[in-house]
Each structure stands twice: as C-alpha cells, then as structure tokens.
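Asker: First the structure, then my questions, so here it is.
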Amino acid sequence: MDGSSCQPLAVDIQELTKSFGNHLALKGLDLKVRKGDFLTIVGPNGAGKTTLIKVLATTMRPSSGSVQVAGFDLKENPVQVRCNIGIVSHHPFLYDDLTSFENLKFYGRMYGVPDLEERIHTVAIRFELIPRLHHQVRTLSRGLRQRLSIARAVIHNPRIMLLDEPESGLDQHASAMLQETLDAMSAEEGTIIMTTHSLEYGLKVGNRVAILTGGKIAYEESTQALNLDNLRETYYRYTGTRR
C-alpha cells in the first residue's frame, strides 16, 4: 500500500455539480486529494477545469454536491476555507488604486496574519517587490503585478494552493518565483492543485495527475507510474484529443 494513502484529506469532493442555466459544467464530480499531494488536472477546453478551481476557491457556488476543503465544509464554512487556500489565476485579485503594500496589508488583515508588516516585508523581498512596494498597482508593469499577485496568494501561509493554468499567464521570472514557492510548500507537506493544458508540465511538476473531461474526473494516477507517451495515449483515450 502507498504510505501516502494514510494521509488525511486536504480536499474531499463528492457528486459536485455546477450548472450555468441549462449547461452542466460539472457533472457529479468526485475527487479526493490527500494532504501533501501536488495534483495536476489536465483536460480539453470546456472540460470544467476553471469552474472546479473557482468552486474550490469559494468564488463560485456549487449547484449541488459535497465539498470539504482543509476539513471545512465549503457551503457552511466559506471563511475558514478561504483562510486555508491561496489562489493564482488569470485574475490578479488586486486593487489598482492601492499600493502594493496596501494590497498586501488588506489581504493580510482579512486573514488575520500576525506580525503583518514583518510578513509583508518578507514576501516583498522574496518576490523582489521592495522598490515598488509603495507604488500604486496601476503603475506596475505586468510582470510586477504577476509577482504581487503571487505574494498576495501566499501572504497568509496557506495550507492549500490552487492554480489555474499558471504557465500560460505568468512571465518567465514570475513563473520561476512561483515554482520556488511551490517547491517550498511541497517540502512542508502543503497541498497543491493545479490545472494545466500541458501534459508535459503537469507530469513534470506534480506527484499525481488527473484527466477532467465532460465535467468529471475520468482518470487519476501517480506520475511515477506514467511517462509522457503513455499519458498522451491515456489522454487521447478519454478525451479524443491529441496533445
């Protein structure tokens, strides 16, 4: 038996559905993610990847089903869920009229971060934001905004990170900084769930990979049991699409 199977669950999803009018984006999705896992989720456009991340991030309400995140029920305890997650997506969740410092202070206060100014200074150094810390976000370059968005996501030391196709939205410098952050989080048994279009990237960075298609998880396996060729064949078998 895989020893990691004894790990407590960081995310437990049962029969999750999400509808938009007559369109059912998630169709009774089941997924269990253990503490310390780095799960990469691949799938074609329209499979429901972004919808799943938004539901887990509490920015979108599920239509039905059960979702537990960090031991908290998503519907009953959304505040506690948000305190345990960080999210990096195409939306930066930053306030343009506030400075970098003010944005980090706002989120830090929202999460009740102790010794907040010291924590802001720590993440500002890590993401090379010190020179522009007191500049309005609207004046920052795209790359600096990306780095600030990652800093915002980790200001409260979340136990679970959610990433929606980060490799397509970040420049090379921000991607390298994010990867360092994820490596450090994995070393401390943090949990990471990431969607990606790239089978190669997903296989490289994760310890598990899942195929989401037609609103359901069709396949899940340890990356140690896969190579790129057989993942591509498996992906084609379940999605009918070559990658």
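The values are calculated or read from the model by the stated rules, or taken from the named source; none is laboratory data. Predicted model, so just to flag it, every value in this text is computed and none were measured. A quick note on method: Cβ atoms are made from the backbone with ideal geometry, for glycine too, and the neighbour counts reach across all protein chains shown.
Asker: Quick one: which of Val113, Val79 is within 30 Å of Lys32 (Cβ to Cβ), surrounded by fewer than 16 Cβ atoms within 10 Å (Cβ to Cβ) and not acidic (Asp, Glu)?
Answerer: Exactly one residue qualifies, and that residue is Val79.
Asker: Still on this structure, I have one more. Could you please give the count of residues in the stretch 182-197 that are outside any strand (DSSP E or B) and either touching a residue at least 40 places away in the same chain (Cβ under 8 Å) or among the acidic types (Asp, Glu) (or both)?
Answerer: Within the stretch 182-197, residues that are outside any strand (DSSP E or B) and either touching a residue at least 40 places away in the same chain (Cβ under 8 Å) or among the acidic types (Asp, Glu) (or both) number 7.
Asker: Here is a further query. Any chance the stretch 177-198 includes a residue that's touching a strand residue (DSSP E or B) at 6+ places or on another chain (Cβ under 9 Å), more than 29 Å from Ser141 (Cα to Cα) and among the hydrophobic types (A, V, I, L, M, F, W, C)?
Answerer: no
Asker: Give the residues of the stretch 156-176 that are part of a helix (DSSP H, G or I) and either among the β-branched types (Val, Ile, Thr) or surrounded by fewer than 19 Cβ atoms within 10 Å (Cβ to Cβ) (or both), sorted by residue number.
Answerer: Once the filter is applied, which keeps residues that are part of a helix (DSSP H, G or I) and either among the β-branched types (Val, Ile, Thr) or surrounded by fewer than 19 Cβ atoms within 10 Å (Cβ to Cβ) (or both), the stretch 156-176 yields Glu167, Ser168, Gln172, His173, Ser175, Ala176.
Asker: Please note which helices (runs of 4 or more DSSP H) are completely contained in the stretch 36-130 and include at least 2 residues that are among the small types (Gly, Ala, Ser).
Answerer: 100-110
Asker: OK, next. Any residue that is touching a residue at least 12 places away in the same chain (Cβ under 8 Å), farther than 22 Å from Val55 by Cα and among the β-branched types (Val, Ile, Thr) - is there at least one of those in the stretch 96-108?
Answerer: Within the stretch 96-108, one or more residues are touching a residue at least 12 places away in the same chain (Cβ under 8 Å), farther than 22 Å from Val55 by Cα and among the β-branched types (Val, Ile, Thr).
Asker: Follow-up question, since we're still on this one. Return the residues of the stretch 218-237 that are surrounded by 19 or more Cβ atoms within 10 Å (Cβ to Cβ) and either among the aromatic types (Phe, Trp, Tyr) or more than 22 Å from Glu167 (Cα to Cα) (or both); say none if nothing qualifies.
Answerer: Selection gives Tyr235 alone.
Asker: Given the residues Lys105, Lys27, which is the only one that is among the basic types (Lys, Arg) and more than 25 Å from Arg145 (Cα to Cα)?
Answerer: Lys27
So that you can scan it fast, the table gives a plain yes or no per residue for (1) modelled with pLDDT of 95 or more; (2) of a type in the set (Asp, Glu); (3) closer than 25 Å to Thr234 by Cβ:
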{"site": "Asp2", "(1), (2), (3)": "no, yes, yes"}
{"site": "His23", "(1), (2), (3)": "no, no, no"}
{"site": "Val33", "(1), (2), (3)": "yes, no, yes"}
{"site": "Gly36", "(1), (2), (3)": "yes, no, yes"}
{"site": "Ile41", "(1), (2), (3)": "yes, no, yes"}
{"site": "Ala47", "(1), (2), (3)": "no, no, yes"}
{"site": "Ile53", "(1), (2), (3)": "yes, no, yes"}
{"site": "Ser64", "(1), (2), (3)": "yes, no, no"}
{"site": "Val81", "(1), (2), (3)": "yes, no, no"}
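Asker: Let me confirm something: among Ala210, Ala153, which residue is of a type in the set (Gly, Ala, Ser) and part of a strand (DSSP E or B)?
Answerer: Of Ala210, Ala153, the one residue that is of a type in the set (Gly, Ala, Ser) and part of a strand (DSSP E or B) is Ala210.
Asker: Sticking with this structure for a sec: So in the stretch 5-24, with the set limited to residues that are surrounded by fewer than 22 Cβ atoms within 10 Å (Cβ to Cβ) and touching a strand residue (DSSP E or B) at 6+ places or on another chain (Cβ under 6 Å), which one is farthest from Ala218 (Cα to Cα)?
Answerer: Restricting to residues being surrounded by fewer than 22 Cβ atoms within 10 Å (Cβ to Cβ) and touching a strand residue (DSSP E or B) at 6+ places or on another chain (Cβ under 6 Å), the top hit is Gln7.
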